[in-house]
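One structure is given here, and the rest of the page talks about it.
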Amino acid sequence: MTDATTLDRVRAANPLADVLREDGAQLNPDGAAGRMKMLCPFHAEKSASCKVFTDQNRFHCFGCGESGDVFTYTMKRHGLTFPQSVERLAQRAGIALNGQHPTKADIVAVYDYTDEDGGLLYQCVRYLPKDFRQRRPDGKGGWTWKLDGVRLVLYRLPKLKAAAEVIIVEGEKDVLAVEALGFIATCNPMGAGKWRPEYAETLRGKRCIIIPDNDPPGLKHGDAVARSLHGVAASVRVVRLPDTVKDCTDFVATFTDKADAAERLALLAEGAAEYQPDAVAKPVAPVLEFLRPSELLGYRPPEGIVLAGDCHVVRGSVFVIGGAPGVGKSRAGVALGVAGATGADWFNLKVHARFRTMIVQNENGRFRLQREFADLNCPALEDFVRVCPPPPLGLAFDKEEFRAALTAAIAAFRPDVILIDPWNAVARDEKARDYLDTFNVIRSVIPTGDNAPALGIVAHTRKPKNDERATGRGLLNLLAGSYVLGSVPRTAFVLQSASDDPTDARVVWTCCKNNDGELGERTAWQRRNGLFAPVADFDWTEFDRPASDRPTVTEADVADVFQHGQRSVRKAEAVADLQERTGAGKSACYNALKLDGRFAGHLAENEGLLTWTP
């Protein structure tokens, strides 16, 4: 049995700085006695953000938030359990443990509560069987097992200051389970019923999501936390976990994939109503519900729920329009607004009823918008389309004044579709947590339910790798950034240039995801008259052919077109001759004739004619 006294002996015999140096860490002075700094061993970084408090035998990384004592470091660094960490360090120090691992009444976890700068205030010690005690440093290298006069704070305090949204759970183990999914989480010390009013001030102005344990004490505690935060936090929501799990730790354990757990938790949070202390509790929708065949047949969706296509654009759902910069994504969004106003098809998708479209964009100023809409029948759009010039604050969904202004505009116009253009102006970090946070804050402004507007996201696709030519469902993998951008929306479209030729105005439109209907056929279009016109004779074989399988254009081919310097010719004619001579695509031929391209030393242009110098 490893009791608290033995653990203290093992800890004292293993100075953290010495253990770090043995693992290859380089510790440098940090300008204060008892403090060193190093590159964090738990995440990649170029400048040292991990502090080592040699007087407390602890570490704290301000980059990733990892912190703890020598036991915690050894566990995380070497992938060990707490008992294995104790045994490893005991062997290092030559302390006998009688060959026994911790069993009953042993310490199995230690949770550090620190101040804002990572300095240790006290610890919560977890025992087996389940029990908790608190202790603080006694200033002599040992512990005092009481917290008299100690400032009590929320768990993971250094992470909370910069967080816009915080998940509040009941215990430290749940905090770590939620953090593993990419969220910011906290809890108060000493468990249910121990929330203090002053904790609310730490979370002032933040979006707070409370996930209580699924038992009477936990639910009562969650309500007390919500009441304390109401009117202090920017928003308060209480999430009810499925009845089949007890707490967040159990909930996360039901998933084999953390990404699935993160998405499900985000959806539960998004679906939770804003907390109202005096509101009558509404029945909680069952997490798992089974319907009889007669009930399935009897369901009647609200009239007009499908706006376009075979459930491609649906009220209350999210869809994405993706594409490379400059390919025409924003114009595709405008085209949807035109289709909603006129009833015309949208990229061959049938529009089922006229609808209103609001475009919240940060791309084009009034000058560019005026030029683009000059090509459209604006009187027909007057009652159906609204477009904002770039707001002074940008797409600042994190600012209360922006959300309030957008909420008022939505209430006044009552759009059926809201487009956010572009996504990277809202989600500035491509991490899963930031993407989920961004979706949640956007949804906090937009009405919910079957009759809510459809939410469209205009997003960039990443540059294809090497000879990659993605088509169909494979295009979903090109959506830039986190998996969330492909998993949260019900429908995803991708717009591609038909070729690498910058003068080629043709594009290919593909639905690569439709959870509620058929994908439909991909189509080719010409950017024309401000919108798009269909291409009747598009060469799909050439479009699908990888670059490595296409005929190449050699120096000899180009020289032959110019008769080795005896002929001058316009570029369009030279391109046509090269295509006929080599069988290469138009794009490859245009590239071969670039004045700054592969044959720059031979090509020149004079009065609109290309010439070749051998």
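The values are calculated or read from the model by the stated rules, or taken from the named source; none is laboratory data. All values reported here derive from a predicted model rather than from experimental measurement. Please note: Cβ atoms are built from the backbone with ideal geometry, for glycine as well, and neighbour counts cover all protein chains shown.
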Those residues of the range 147-191 which are closer than 25 Å to Leu219 by Cβ and of a type in the set (D, E, K, R) amount to Arg156, Glu165, Glu170, Glu172, Lys173, Asp174, Glu179
Please verify whether the range 352-368 includes one or more residues that are at pLDDT below 90, in contact with an Asp or Glu (Cβ under 8 Å, 6 or more places away or on another chain) and not assigned by TED's automatic domain parsing to the domain that holds Leu455.
-> no
From the set of residues in the range 205-230 that are small (Gly, Ala, Ser) and more than 28 Å from the chain's Cα centre (by Cα), which is nearest to Leu160 (Cα to Cα)?
-> Ser228
Select, from Ala505, Ala536, the only residue that is free of Cβ contacts under 8 Å to residues at least 40 places away in the same chain, farther than 17 Å from Gly323 by Cβ and not assigned by TED's automatic domain parsing to the domain that holds Ala588.
-> Ala536
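Can you name the residue in the range 197-234 that is part of a helix (DSSP H, G or I) and among the acidic types (Asp, Glu) and is also surrounded by the most Cβ atoms within 10 Å (Cβ to Cβ) among such residues?
Within the range 197-234, the subset part of a helix (DSSP H, G or I) is 197-202, 216-229.
Cutting the leftovers down to among the acidic types (Asp, Glu) gives us 198, 201, 223.
On the way: Glu198: 12, Glu201: 11, Asp223: 16.
Among them, the one singled out is Asp223.
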Out of the range 581-596, which residues are farther than 14 Å from Leu610 by Cβ and at pLDDT 85 or above?
-> Arg581, Thr582
May I ask you to say which residue of Phe413, Phe397, Phe402, Phe347 is modelled with pLDDT of 90 or more, of a type in the set (Phe, Trp, Tyr), within 27 Å of Arg490 (Cα to Cα) and in the same structural domain as Arg443 (by TED's automatic domain parsing)?
-> Phe347
Picking from Phe59, Phe53, Phe42, which residue would you name as being surrounded by 19 or more Cβ atoms within 10 Å (Cβ to Cβ) and touching a helix residue (DSSP H, G or I) at 6+ places or on another chain (Cβ under 7 Å)?
-> Phe59
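Anything in the range 289-326 that is more than 30 Å from Asp500 (Cβ to Cβ), surrounded by fewer than 10 Cβ atoms within 10 Å (Cβ to Cβ) and small (Gly, Ala, Ser)? List them, or say none.
Passing the criteria: Ser294, Gly298.
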Residue among Gly191, Gly182 that alone is under 18 Å from the mean Cα position of the chain (by Cα), more than 20 Å from Asp69 (Cα to Cα) and surrounded by fewer than 22 Cβ atoms within 10 Å (Cβ to Cβ) | Gly182
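With respect to Glu372, determine if the residue is in a loop (DSSP other than H, G, I, E, B), surrounded by 14 or more Cβ atoms within 10 Å (Cβ to Cβ) and among the charged types (D, E, K, R). Lay out the reasoning, then the answer.
Working: in a loop (DSSP other than H, G, I, E, B): no; surrounded by 14 or more Cβ atoms within 10 Å (Cβ to Cβ): yes; among the charged types (D, E, K, R): yes.
No: the conditions fail for Glu372.
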All but one of (1) out of contact with any helix residue (DSSP H, G or I) (no Cβ under 9 Å at 6 or more places or on another chain); (2) at pLDDT below 85; (3) outside any loop (DSSP other than H, G, I, E, B) hold for Gln526, so report the exception by its number.
-> (2)
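Here is a yes/no grid of residues against (1) among the hydroxyl-bearing types (Ser, Thr, Tyr); (2) in contact (Cβ under 8 Å) with a residue 60 or more places away in the chain; (3) under 27 Å from Thr54 (Cα atoms):
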residue	(1), (2), (3)
Leu152	no, no, yes
Lys159	no, yes, yes
Ala162	no, no, yes
Phe183	no, yes, no
Trp195	no, no, no
Lys220	no, no, no
Asp223	no, no, no
Does the range 582-614 hold any residues that are surrounded by 13 or more Cβ atoms within 10 Å (Cβ to Cβ) and closer than 21 Å to Trp540 by Cα, and which are they?
-> Thr582, Ala584, Gly585, Lys586, Ser587, Ala588, Cys589, Tyr590, Asn591
Taking Val166, is it outside the structural domain of Lys399 (by TED's automatic domain parsing) and within 25 Å of Gly205 (Cα to Cα)?
-> yes
Does the range 349-369 hold any residues that are among the aliphatic types (A, V, I, L, M), over 30 Å from the mean Cα position of the chain (by Cα) and outside any strand (DSSP E or B), and which are they?
-> Ala353
Over the range 312-333, the set of residues among the hydrophobic types (A, V, I, L, M, F, W, C), out of contact with any Phe, Trp or Tyr (no Cβ under 8 Å at 6 or more places or on another chain) and at pLDDT 90 or above is Val314
If we scan the range 287-301, do we find a residue that is in a strand (DSSP E or B) and under 25 Å from Asn514 (Cβ atoms)?
-> no
Have a look at Asn477, Asn466 and point out the one that is modelled with pLDDT under 85, out of contact with any strand residue (DSSP E or B) (no Cβ under 7 Å at 6 or more places or on another chain) and assigned to a helix (DSSP H, G or I).
-> Asn477
Residues Ala556, Ala524, Ala498, Ala574: which one is of a type in the set (A, V, I, L, M), farther than 22 Å from Leu419 by Cα and surrounded by fewer than 18 Cβ atoms within 10 Å (Cβ to Cβ)?
-> Ala556
Answer yes or no: is there a residue in the range 157-178 that is on the phi > 0 side of the Ramachandran plot and either at pLDDT below 90 or surrounded by 14 or more Cβ atoms within 10 Å (Cβ to Cβ) (or both).
-> no
Is it the case that Arg581 is among the charged types (D, E, K, R), more than 28 Å from Gly328 (Cβ to Cβ) and not in a helix (DSSP H, G or I)?
-> no
Under the condition of being touching a strand residue (DSSP E or B) at 6+ places or on another chain (Cβ under 6 Å) and part of a loop (DSSP other than H, G, I, E, B), which residue from the range 35-48 is nearest to Gly142 (Cα to Cα)?
-> Cys40
Within the range 562-571, is there a residue that is closer than 18 Å to Pro502 by Cα and either more than 48 Å from the chain's Cα centre (by Cα) or not charged (D, E, K, R) (or both)?
-> yes
Within the range 313-343, restricting attention to residues that are free of Cβ contacts under 8 Å to residues at least 60 places away in the same chain and not in a loop (DSSP other than H, G, I, E, B), which residue is nearest to the chain's Cα centre (by Cα)?
-> Ala339
Within the set of pairs 6 or more residues apart or between chains, which connect a residue that is at pLDDT 85 or above inside the range 7-26 to a residue that is surrounded by fewer than 14 Cβ atoms within 10 Å (Cβ to Cβ) and of a type outside the set (A, V, I, L, M) with Cβ atoms less than 7 Å apart?
-> Ala12/Gly141
